[in-house]
Amino acid sequence: MNTSRALVIMNIAVFIAWQLSRNDEVRYLFMANNFLVSWSSITQGRVWTLITSVFSHNAFLHLFFNMYVLDSFGPIVESVLGRARFLKFYFIAGVISSLCHAAVSAFLLHEPGLPALGASGAISGMIFLFALLFPKQKILLFGFVPTPALWGAFLFVGLDIWGLIAQAEGGGLPIGHGAHLGGSLTGVLYYFLFLCRIDLRDTNRMIRYKAL
């Protein structure tokens, strides 16, 4: 089993735990205290929420989309990094994305208690790393539009910046744009610090279309 599949299983397990807690106040409080991240949760000492929240989804579509993308792109990135480095990168991207959400919520949106959950930040980092490794590789944007990977990654960053500005002005959707941007930045930094000189000619020949 590759690392991406193991991460998918862990996310599904936490999703099931959320479902089992819906009609049990004690269990629900436990999940909320330990699997949601916010500036308040961090300053109150629950620093583990920086990573546990990354494995946390309580809506099926949120889980499905994130796990689909993780299973599509994760094995390719893992083939470049290796199992240990891929896992380390994923955890680092997850923690940084959680920190970015918490900081943005507290200091830009002035809502320090605004909670977040989901793997989207870590996956944003993985997608941007993929896009920098294989910039001309075609991906199926929104599942059907063939687009060079780097263009697609920049498009999503642009949408997150636009969404974050809308939130700062009192509108926008309840999406963790700060987490997405933090994850993407992690992917960029990791690439230029460790991977920009790697030879990927053999790996490139193995890739076909990937959906996003």
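Normalised by the residues of the stretch 3-211, what does the relative contact order come to in percent, with Cα pairs under 8 Å and at least six apart?
Over the stretch 3-211, the number comes to 23 percent.
Picking from 178, 187, 113, which is most flexible by a Gaussian network model of the chain using Cα springs under 10 Å?
113
Points 7 angstrom from Cα along the Cβ direction at residue 27 and residue 109: gap in nanometres?
2.8 nm
Apply the Karplus curve 6.51 cos²θ - 1.76 cosθ + 1.60, θ = phi - 60°, to the phi angles in the stretch 159-166 and return the couplings in whole Hz, x for Gly and Pro.
5, 5, 5, 4, x, 5, 4, 4
Using a 10 Å cut-off on Cβ atoms, rank the peptides 15-24, 96-105, 153-162, 65-74 from the highest mean neighbour count down.
So the peptides 15-24, 96-105, 153-162, 65-74, ranked by packing, come out 96-105, 65-74, 153-162, 15-24.
When the expected Rg is taken as 2.2 N^0.38 Å, what fraction or multiple of it is the alpha-carbon Rg of the stretch 53-144?
Expressed relative to 2.2 N^0.38 Å, the Cα Rg reads 1.17.
Under the 0.36 nm per residue contour assumption, what length would be gained going from the current alpha-carbon distance of residue 159 and residue 20 to full extension?
46.6 nm
Take the chain, connect every pair of alpha-carbon atoms lying under 10 Å apart with a spring to form a Gaussian network, then pick out the residue of 186, 52, 147 with the largest mean-square fluctuation.
Result: 147 has the largest fluctuation of those listed.
Roughly speaking, what is the stretch gain from residue 193 to residue 51, that is 0.36 nm per residue apart minus the C-alpha to C-alpha distance, in nm to one decimal?
Roughly 48.8 nm would be gained on extension.
Roughly how many nanometres apart are two label points built 7 Å out from the Cα toward the Cβ at residue 88 and residue 145?
3.7 nm
Sort 117-130, 77-90 for me by packing, meaning the mean count of neighbouring Cβ atoms within 10 Å per residue, highest on top.
Highest mean packing first, the order is 117-130, 77-90.
Among 148, 174, 115, which one shows the biggest mean-square fluctuation in a GNM of the chain, springs joining Cα atoms closer than 10 Å?
Checking each option, the largest mean-square fluctuation is seen for 174.
Each value in this text was obtained by applying a stated rule to the coordinates, not by laboratory testing. If you're wondering where the values come from, they're calculated on a predicted model, not measured in any experiment. No Cβ is skipped: glycine too gets one built from the backbone with ideal geometry, and neighbour counts run over all protein chains shown.
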